[in-house]
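Enquirer: Pasting a structure here, questions to come.
The values are calculated or read from the model by the stated rules, or taken from the named source; none is laboratory data. Bear in mind the structure is a predicted one, so any value in this text is a computation, not a measurement. Every residue, glycine among them, receives a Cβ derived from its backbone with ideal geometry; neighbour counts consider all protein chains shown.
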């Protein structure tokens, strides 16, 4: 895999019946190892904000089962190598008829997103028209799948992200709170994303409290970037750039491929540099 970069976000991990994973979303793979690394990748990117690590885990899933189509579709989204993505898409198109049900709904979304990235590189003038089609498909399919598997936190998470991109923070926050189960109140992604949505809506004290709760919840996970990113984002929304800078600098040092962190770092550094002049 060449030139791996992070991407918008993403769906849930799931398990196939023969694995020991606790979720029930079906995966078409006979490899327990492939299912394990697929799950691990979603945990790393969603809960921990570790984009580079998630790419490595998804590649391992595909190494264990080269015919694991959902993993291949994730890797097609990750790569920035146009020729490699086209090759993967050809393989996916040729084999996707083997997949049915909710897994096919998700696979279709991932394939459409990878095709969208091709258009972005080859025909950027068509992006706006294609985006409406792709995002409508994603919102529809992920809504169906997330309602079929309400215990799958990451599946719901990606659906909520698409709601945010299409309808805004208020709708996304309402959806998150409507779909979140009591057992997910301390789910790291749900907690951090709720904090970010609250900040976007200007509810900064509530957002800060959620971010600090996430930080306390994950204090023993030394690899997690999400608590640093979330709290740094809240401080940035509060125009407290000096408080945000060490948090975001630390997060960037841990994983410079996290585009959200990279954007925050650029903004903070620019504001602080301008303040000196």
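Enquirer: Is there a residue being closer than 22 Å to residue 169 by Cβ, over 21 Å from the mean Cα position of the chain (by Cα) and assigned to a helix (DSSP H, G or I) anywhere in the stretch 244-253?
Expert: Yes, the stretch 244-253 contains a residue that is closer than 22 Å to residue 169 by Cβ, over 21 Å from the mean Cα position of the chain (by Cα) and assigned to a helix (DSSP H, G or I).
Enquirer: On to the next question. Under the condition of being more than 24 Å from residue 51 (Cβ to Cβ) and not in a helix (DSSP H, G or I), which residue from the stretch 78-135 is modelled with the lowest pLDDT?
Expert: 123
Yes or no, residue by residue, for (1) within 26 Å of residue 149 (Cβ to Cβ); (2) surrounded by fewer than 15 Cβ atoms within 10 Å (Cβ to Cβ):
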position: 162; (1), (2): yes, no
position: 173; (1), (2): yes, no
position: 178; (1), (2): yes, yes
position: 183; (1), (2): yes, yes
position: 215; (1), (2): no, no
position: 233; (1), (2): no, no
position: 241; (1), (2): no, no
position: 251; (1), (2): no, no
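Enquirer: A follow-up question, please. Do we have any residue at all in the stretch 58-75 that's in contact with a helix residue (DSSP H, G or I) (Cβ under 8 Å, 6 or more places away or on another chain), over 21 Å from residue 30 (Cα atoms) and at pLDDT 95 or above?
Expert: no
Enquirer: Another question about this same structure. Please indicate, with yes or no, whether at least one residue in the stretch 184-205 is part of a helix (DSSP H, G or I) and more than 20 Å from residue 160 (Cβ to Cβ). Steps first, please.
Expert: Residues of the stretch 184-205 that are part of a helix (DSSP H, G or I), as a first pass: 184, 188-200, 204-205.
Narrowing further to those that are more than 20 Å from residue 160 (Cβ to Cβ): 204-205.
Checked the stretch 184-205: at least one residue is part of a helix (DSSP H, G or I) and more than 20 Å from residue 160 (Cβ to Cβ).
Enquirer: A further question on this structure: Quick one: in the stretch 24-42, which of the residues that are free of Cβ contacts under 8 Å to residues at least 40 places away in the same chain and within 15 Å of the chain's Cα centre (by Cα) is surrounded by the most Cβ atoms within 10 Å (Cβ to Cβ)? Step through it out loud before you land on a result.
Expert: Pass one, the stretch 24-42, residues free of Cβ contacts under 8 Å to residues at least 40 places away in the same chain: 30-41.
Filter again for within 15 Å of the chain's Cα centre (by Cα), leaving 38-41.
Details: 38: 29, 39: 22, 40: 18, 41: 26.
Within the stretch 24-42, the match that is surrounded by the most Cβ atoms within 10 Å (Cβ to Cβ) is 38.
Enquirer: I've got another one for you. Kindly indicate which of 228, 264 is under 17 Å from residue 188 (Cα atoms), in a helix (DSSP H, G or I) and either at pLDDT 95 or above or over 17 Å from the mean Cα position of the chain (by Cα) (or both). If you could, list the steps in order and put the result at the bottom.
Expert: On the way: 264 fails: under 17 Å from residue 188 (Cα atoms).
Just a single option satisfies the conditions, and that option is 228.
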